[in-house]
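The values are calculated or read from the model by the stated rules, or taken from the named source; none is laboratory data. No experiment lies behind these values; they were computed from the predicted model shown. Neighbour counts run over all protein chains shown; Cβ positions are idealised from the backbone, glycine included. The protein model used for the area step is the full one, side chains on, heavy atoms only, and it has no ligands, DNA or RNA in it. Shrake-Rupley method; radii C 1.70, N 1.55, O 1.52, S 1.80 Å.
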Amino acid sequence: MIYLARHGQTNDNLEPIRVQGFTDTPLNDTGRQQAAELAERVAPLQIASLWSSDLSRARETAEIVGARIGLQPRFDERLREANRGAWEGRRFIDIEREEPDLYEAWRRAGESFRFPGGESLVAQQQRVLKTLEDVRQTAESPALVVCHGGSIRVVLCSRDPHGLDAFHEFDVPNVALVSL
C-alpha cells in the first residue's frame, strides 16, 4: 500500500496562485501547521517507510510527519512537480491574460501538453510512476510519499479512462492524502 500526500501550503499557493514547478518554495506557517495535522492523520496508518520529493515544501512536510511517526524521509528528486519552464514564478492569472492560447492548452492538459521550456505531463507521469514502482519494490509497506499536486494528479490520471485529459478533474489541495 502506498499513500500519496501533497505538501503543505506555501505563499505561492495563495491567490493569485503562482506557478512553482521546480522552484524551491518553502512552507509558510499555515503549511507547517497543515503538515503537523497531516502527521496526526497518518499516525494511525502505521506507515513503515517515508519518501519525499527533495523540494523544500515537500521535504519540510515529510520531516514534520516523520518526526511524529518516528521515520526519516528518503528524498527522491523524481517525485518533484513538473518542470514548468518559463512559467515558473509567474501567476496563472498573468499567463491566462498574456498567453491565452497556451493557457487554454494547459486547461485542456492531455498527453500533448508541454510547459514552455519545461516538461510534458507525459514525462512527469512516467518518472513519477517509475518512482512509485521503485517504492513498491524496495520499501516497507505501507509507504507514505510526500510530493506535489501535479505529481499526484498524473498518478490519478494513469488510473482514469480519460488519461491525462482528466488532469484538471482532480482536486488535490494542500496536505491531501490519497491511497493507491
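Things to note:
- Close pairs from segment 153-180: first under 12 Å from V122 (Cα atoms), partner among the β-branched types (V, I, T) and not in a helix (DSSP H, G or I), Cβ under 9 Å, at least 6 apart: R153/V172; V155/V178
- Residues in segment 58-93 that are open to solvent by less than 90 Å² (accessible area, probe 1.4 Å), touching a residue at least 12 places away in the same chain (Cβ under 8 Å) and out of contact with any strand residue (DSSP E or B) (no Cβ under 9 Å at 6 or more places or on another chain): A67, R78, N83, R84, A86, W87, I93.
- Cβ-Cβ distances below 8 Å connect the following pairs, each with a first residue in segment 42-54 that is more than 23 Å from R78 (Cβ to Cβ), a second residue that is of a type in the set (A, V, I, L, M) and open to solvent by 30 Å² or more (accessible area, probe 1.4 Å), and a separation of six or more residues or different chains: A43/I69.
- Residues in segment 94-138 that are assigned to a helix (DSSP H, G or I), surrounded by 17 or more Cβ atoms within 10 Å (Cβ to Cβ) and either in contact with a strand residue (DSSP E or B) (Cβ under 7 Å, 6 or more places away or on another chain) or on the phi > 0 side of the Ramachandran plot (or both): 2 in all.
- Condition check for L50: in contact with a Cys (Cβ under 7 Å, 6 or more places away or on another chain) and not in a helix (DSSP H, G or I): no
- Applying the set (1) open to solvent by 20 Å² or more (accessible area, probe 1.4 Å); (2) in contact with a Phe, Trp or Tyr (Cβ under 8 Å, 6 or more places away or on another chain); (3) on the phi > 0 side of the Ramachandran plot to D54 leaves exactly one unmet item: (3).
- Residue ID - farthest from V146 (Cα to Cα), chosen from residues in segment 6-24 that are part of a loop (DSSP other than H, G, I, E, B) and in contact with a helix residue (DSSP H, G or I) (Cβ under 6 Å, 6 or more places away or on another chain): P16
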